[in-house]
Amino acid sequence: MSKSFSGLPEELTRNYSMNVISVFCGEDLCKTDLVTLHWDAIGQFTHYTMADNLKLEKGQAQDFEPQDYVKLTSILSNKQSGLADLKASELINKTSSGSAPTVGADAVTGATVAINKQDYIEGAIWTCYTLWHFAQGELVSIVANITGSELNQLELLNLLKHEKNELQQFAISQLAYQQYQDNKTIAAVTEFALTNQSGFENDIIAFSKNLAMPQYQKMVTELTLYGSHSLRLRILQSLLESEEIIKLNSTLILALAKQISAWQDPQSLHSFLQLLQKQNNQSPQLIQALIPSLQQADFISARNVYYYLINHVTHTQHQQKLTLFQQLHAEKL
């Protein structure tokens, strides 16, 4: 992999390139072409280049049309392409005669593959597949980590204030990758998470998971209580998927329980109740904090709280609240 430098301002002006093999398969054989892929400093694919005398091919021994080269750039730039989940084995033609499967005509056939036609060039699925996995695969993080390793902590923190979302996301991921865990960094990422739009949830959670447990719980509590709806849901889901849920202290759980009735948010409430079931937390303080959620405007949410509480309430005063709810909504329970 080589790197070059442009005259653009800012430190993140490197461009990376790498020669890769593009695979095209005809009826009886496959051929390879050398294509050069290019990324910017943070690992975003920018374009591809080829030798002047090289022509890519597609089905029936046809050369790419000019519009195919333009479409290929669009395909390779799409991070959400259906090619991401496609397996090489799904590109194999399965013959109806019972003979051995073959790689056939570089085409998607039958019901083997379901993929948006915008994600490949007809007759050149192997070409698109191999190049996309180079352009958007492991090389992306390799490039980003090379650049990130040459930036210091202050430079990464300053990128959180940049106007480009891509650079902000790069900064968070690099702060996580380089495992910065000091209070200044935690405060900066937390502030960023609380003041920015959605789209960074996975990166923020990845950063938090690197922290020591006390720091992790403090950050998660603050983000869940005061973050956006999408961030709160993603954090709750992350907790459900993690073994760390067992280690969550009662202070965090109680803080969430006290706040959740004010969210008026069925999705968050449902996830939180799942979290409680998994953690098996039955403290009287928690039950008391959940009682107000019986007044949720959304009846299904209130009913979910009721069903959770009837299996955990032991205090007479709490039982009276449940009895009243049952009497008011007997026909709906």
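The values are calculated or read from the model by the stated rules, or taken from the named source; none is laboratory data. From a predicted model like this one, the values you see are computed outputs, not experimental measurements. Because the Cβ atoms are built from the backbone with ideal geometry, glycine has one as well, and the counts that use them run over all protein chains shown. Surface areas here come from the heavy atoms of the whole protein model, side chains and all, with no ligands, DNA or RNA. Shrake-Rupley method; radii C 1.70, N 1.55, O 1.52, S 1.80 Å.
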- Message: If I model a spin label as a point 7 Å beyond the Cα along the Cα-Cβ vector, how far apart are those points for Q317 and N196 in nm?
- Response: 4.5 nm
- Simple SL model, points at 7 angstrom along Cα→Cβ for D63 and A297; separation in nm is 6.5 nm
- Task: State the cysteines of the chain left without a partner when partners are defined as other cysteines whose beta carbon lies under 4.7 Å away.
- Result: C128
- In this structure, the FRET efficiency calculated for S77 and Q237 from their beta-carbon separation, with R0 = 35 Å, to the nearest 0.05, is 0.75
- Nearest-0.05 FRET efficiency for Q181 and Y307, computed from C-beta distance (R0 41 Å): 0.55
- Stretched out fully, how many nm does the piece from Q285 to K161 gain, at 0.36 nm a residue minus the Cα gap? 40.6 nm
- Item | Segment N116-V70, extension gain: residue separation times 0.36 nm, minus the distance between their alpha carbons | 14.8 nm
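Using only DSSP helix segments of four residues or longer, with each worth -39500 (n - 2.57), what per-residue ellipticity at 222 nm results for the chain after dividing by its residue count and rounding to 500? Intermediate results must be reported in sequence, preceding the final value.
Numbers: 14 runs with 163 residues, N = 333.
Roughly -15000 deg cm²/dmol at 222 nm, from the helical runs in the chain.
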- Query: Quick one: accessible area per residue over the chain, 1.4 Å probe, rounded to a whole number of Å²?
  - Reply: 53 Å²
- Query: What percentage of the solvent-accessible surface of the stretch 159-264, computed with a 1.4 Å probe over protein heavy atoms, is contributed by carbon and sulfur atoms?
  - Reply: 48 percent
- Query: lysines within cross-link reach of K184: Cα-Cα under 21 Å, excluding same-chain residues under 8 positions apart?
  - Reply: K161, K209, K218
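Which of rounded, prolate, oblate describes the chain, given a ≥ b ≥ c as roots of the alpha-carbon gyration tensor eigenvalues and a/c under 1.5 marking rounded, otherwise prolate only if a/b is larger than b/c? Walk me through the numbers on the way to the answer.
Working: a/c = 3.41, a/b = 1.74, b/c = 1.96.
Because a/c hits 1.5 or more and a/b fails to exceed b/c, the chain counts as oblate.
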- Query: Going by average Cβ neighbours within 10 Å, how do the peptides 73-83, 125-135 rank, with the highest at the top?
  - Reply: 125-135, 73-83
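Local charge sum around Y306 (other residues, Cβ-Cβ under 15 Å, Lys/Arg +1, Asp/Glu -1)? Each step should come with its number before you reach the end.
Values: positive: R303, K321, K332; negative: D298, E331.
That sum, taken over residues with Cβ under 15 Å, equals +1.
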- With x for Gly and Pro, the residue-by-residue ³J(HN,Hα) of the stretch 18-24, computed from phi through the Karplus equation 6.51 cos²θ - 1.76 cosθ + 1.60 at θ = phi - 60° and given in whole Hz, is 8, 7, 10, 9, 8, 10, 10
- Helix 125-135: angle to the longest alpha-carbon principal axis of the chain, degrees 0 to 90, nearest 10? 60 degrees
- Query: Residues in the stretch 263-305 near a label at S250, defined as backbone nitrogen under 18 Å from the 7 Å Cα→Cβ point?
  - Reply: 276-291
